[in-house]
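The values are calculated or read from the model by the stated rules, or taken from the named source; none is laboratory data. Since we're looking at a predicted model, the values are computed, not measured. Neighbour counts are summed over all protein chains in view; Cβ atoms, including those assigned to glycine, are modelled from backbone coordinates with ideal geometry.
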Amino acid sequence: MNVVITGASRGIGYELAKIFVTAERNHVVAVARSERKLKKLTEESSGTIANTSSLDILGFDLVNDDYQKVFIPFITEKLGTVDILINNAGFLVAKDFDQLTDEDFDRMFNTNVKSVFKLTQALLPFFSGQAHIVNISSMGGVQGSAKFKGLSLYSASKGALNILTECLAEELKEKNISVNALALGAVQTEMLSEAFPGYRAPLQPDEMAKFIMDFAVDGNRFFNGKILPASLSTP
């Protein structure tokens, strides 16, 4: 399968790229702003890539960089078509509501929502038949779930991502493109540690990555336009 994973320089995205290429016939493009961290990913994966698989990295800012000049030519050269897109890139600022700034708002909504809009739109001509878009959301963005002080904008951005997921599934179903979101609970990533210092999550990034990979490969046989909780703890 031809797979694009964003936010691949650390955490779940990093582990996703590593685990996909251990299986046969997976061609992965790992995307993140930090090319330096992505080079570490290639170094760690070098001895575990299956014979029929490949891993390519692309340092790219999903909000500000030029898709037509940089991203699309890279995808055309390395993959040609895309079977799976995992929109995993995310950004979190944990602040009391009265301390949040316009910059905080813009950065969280740009990273957590606008980047998904821009990337998905740019890749529309390249999705194969039966393609699956998986948006990595949060339980914080699910209506009626537990909410936490300091995460108002982050949760709101993930709520927007969930609605975008439902709308995209409806718009793209005629193209045989399925769109789902996984609303994650607590996973022991750097981002969680920044928001909840000292908290120990019940799952590690590699454990969640395995689940996400399995869902990305087969989940669109059973679901489309769904926001699915993947949570043991919140947090």
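Six or more apart or on different chains, Cβ atoms under 7 Å: show the pairs whose first residue is in the stretch 72-94 and among the acidic types (Asp, Glu) and whose second is part of a loop (DSSP other than H, G, I, E, B).
Final answer for the pair search is Asp83/Met1.
Considering only residues that are in a loop (DSSP other than H, G, I, E, B), at pLDDT 95 or above and either touching a Cys at 6+ places or on another chain (Cβ under 7 Å) or of a type outside the set (Lys, Arg) (or both), which ones fall in the stretch 18-51?
Val21, Thr22, Ala23, Glu24, Asn26, Thr48, Ile49, Ala50, Asn51
Give the stretch 212-235 a look and list any residue that's at pLDDT below 95 and either within 16 Å of the chain's Cα centre (by Cα) or of a type in the set (Gly, Ala, Ser) (or both), or say none. First the steps, then the outcome.
First pass over the stretch 212-235, keeping only residues at pLDDT below 95: 229-235.
Pro229, Ala230, Ser231, Ser233, listed by residue number.
Residue-wise test of (1) buried (at least 24 other Cβ atoms within 10 Å of the Cβ); (2) touching a Gly at 6+ places or on another chain (Cβ under 7 Å); (3) of a type in the set (Lys, Arg).
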| position | (1), (2), (3) |
| --- | --- |
| Phe126 | no, no, no |
| Ser138 | yes, no, no |
| Tyr154 | yes, yes, no |
| Glu171 | no, no, no |
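Can you tell me how many residues within the stretch 97-138 are outside any helix (DSSP H, G or I) and not polar (S, T, N, Q)?
At the first step, the residues of the stretch 97-138 found to be outside any helix (DSSP H, G or I) are 100-101, 127-138.
Of the ones still in play, those that are also not polar (S, T, N, Q) are 100, 127, 129, 131-134, 136.
Total meeting the criteria: 8.
Is it true that Gly198 is at positive phi, modelled with pLDDT under 95 and outside any helix (DSSP H, G or I)?
Values: at positive phi: yes; modelled with pLDDT under 95: yes; outside any helix (DSSP H, G or I): yes.
Here the answer is yes, as Gly198 does meet what is asked.
Hey, among the residues in the stretch 106-146 that are modelled with pLDDT of 95 or more and β-branched (Val, Ile, Thr), which one's nearest to Asn2 (Cα to Cα)?
Looking at the filtered set, the residue picked out is Ile133.
Just checking, how many residues over the stretch 147-181 are out of contact with any helix residue (DSSP H, G or I) (no Cβ under 6 Å at 6 or more places or on another chain), closer than 19 Å to Asn110 by Cα and outside any helix (DSSP H, G or I)?
1
Can you tell me which residue in the stretch 15-60 is farthest from Ile212 (Cα to Cα), limited to those that are out of contact with any strand residue (DSSP E or B) (no Cβ under 8 Å at 6 or more places or on another chain) and surrounded by 17 or more Cβ atoms within 10 Å (Cβ to Cβ)?
Top of the filtered list is Lys18.
Which one is nearest to Met1 (Cα to Cα) among residues in the stretch 73-104 that are of a type in the set (Phe, Trp, Tyr) and out of contact with any Leu (no Cβ under 6 Å at 6 or more places or on another chain)? Full working, then the answer.
Narrowing the stretch 73-104 to residues of a type in the set (Phe, Trp, Tyr): 74, 91, 97.
With the extra rule that they be out of contact with any Leu (no Cβ under 6 Å at 6 or more places or on another chain), the set shrinks to 91, 97.
Numbers: Phe91: 28, Phe97: 43 Å.
That would be Phe91.
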